[in-house]
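The values are calculated or read from the model by the stated rules, or taken from the named source; none is laboratory data. From a predicted model like this one, the values you see are computed outputs, not experimental measurements. Note: ideal-geometry Cβ built from the backbone for every residue, glycine included; neighbour counts use all protein chains shown.
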Ligand code: GLP
């Protein structure tokens, strides 16, 4: 059973998870961190930036970590502001003083896409695996971009985004048509290999997905339920997102 932590505000969740990350990095400055995109984890990155501003030595040490992002859109032009490579640079690397080349993002360019997943999994393994993986959850229960129907054993690979996910993410693009149809995402099997999973969710819109992920049956129809298979999963939610528990 995953550990569920219910907090009053997303900001409080950000502080808690930032502290877990700082503790990890304080213990092992060469830690491997798994970063998620989407709006949910931003509170974590902001809390880490605040720690860096306070001069917390563990936050200063973030510059020495290795990082891996969960996923990327396929086919966006290099440098597109909504490509996850750009989002990670803007929200994680720049504010936290982490050199961009220390955080890998799956390569979503069409060139070499057939082998990109395999190469990404190999890079994670060569780095020694992920120590702490931050996760959000989609309203359809996806983690990373593992949409419903994803195998629990899946590895990093190309997936087709559901219409629901494309609608959810349309807010980041000028028009819904601009949201890519495909992505490259760490598989559920890849994600489950991280040594500690920390899943965050806020707001009533996530309540159903959170309840199904944490307490529902293990099913590929709700990819987030894979967290129940993990020996060390922490779920950090606000009261609205915890409403279905
Ligand atoms: C996105 C990302 C996921 C993220 C989820 C929720 O599409 N690929 O990694 O967890 O959907 O996003 P948000 O946190 O913005 O609700």
Quiz item: Can you list the helices (runs of 4 or more DSSP H) found entirely within segment 130-245 that contain at least 3 residues being crowded, with 16+ Cβ neighbours inside 10 Å and either in contact (Cβ under 8 Å) with a residue 40 or more places away in the chain or over 18 Å from the mean Cα position of the chain (by Cα) (or both)?
Solution: 188-192, 207-215
Practice problem: State whether one or more residues within segment 115-128 are away from the ligand (no atom under 15 Å from the Cβ), within 28 Å of residue 153 (Cβ to Cβ), in a loop (DSSP other than H, G, I, E, B) and out of contact with any helix residue (DSSP H, G or I) (no Cβ under 8 Å at 6 or more places or on another chain). | Solution: yes
Quiz item: Would segment 26-38 turn up any residue that is modelled with pLDDT of 95 or more, over 30 Å from residue 245 (Cα atoms) and crowded, with 19+ Cβ neighbours inside 10 Å?
Solution: yes
Quiz item: Can you name the number of the only condition in (1) more than 15 Å from the ligand (Cβ to nearest atom); (2) within 18 Å of the chain's Cα centre (by Cα); (3) modelled with pLDDT of 95 or more that residue 63 fails?
Solution: (2)
Self-check item: Checking residue 51 against (1) under 20 Å from the mean Cα position of the chain (by Cα); (2) surrounded by 20 or more Cβ atoms within 10 Å (Cβ to Cβ), the condition it does not meet
Solution: (1)
Quiz prompt | Condition check for residue 95: in contact (Cβ under 8 Å) with a residue 12 or more places away in the chain and within 30 Å of residue 52 (Cα to Cα) | solution = yes
Self-check item: Selected residue (only one of 71, 56 is within 18 Å of the chain's Cα centre (by Cα) and in contact (Cβ under 8 Å) with a residue 24 or more places away in the chain)
Solution: 71
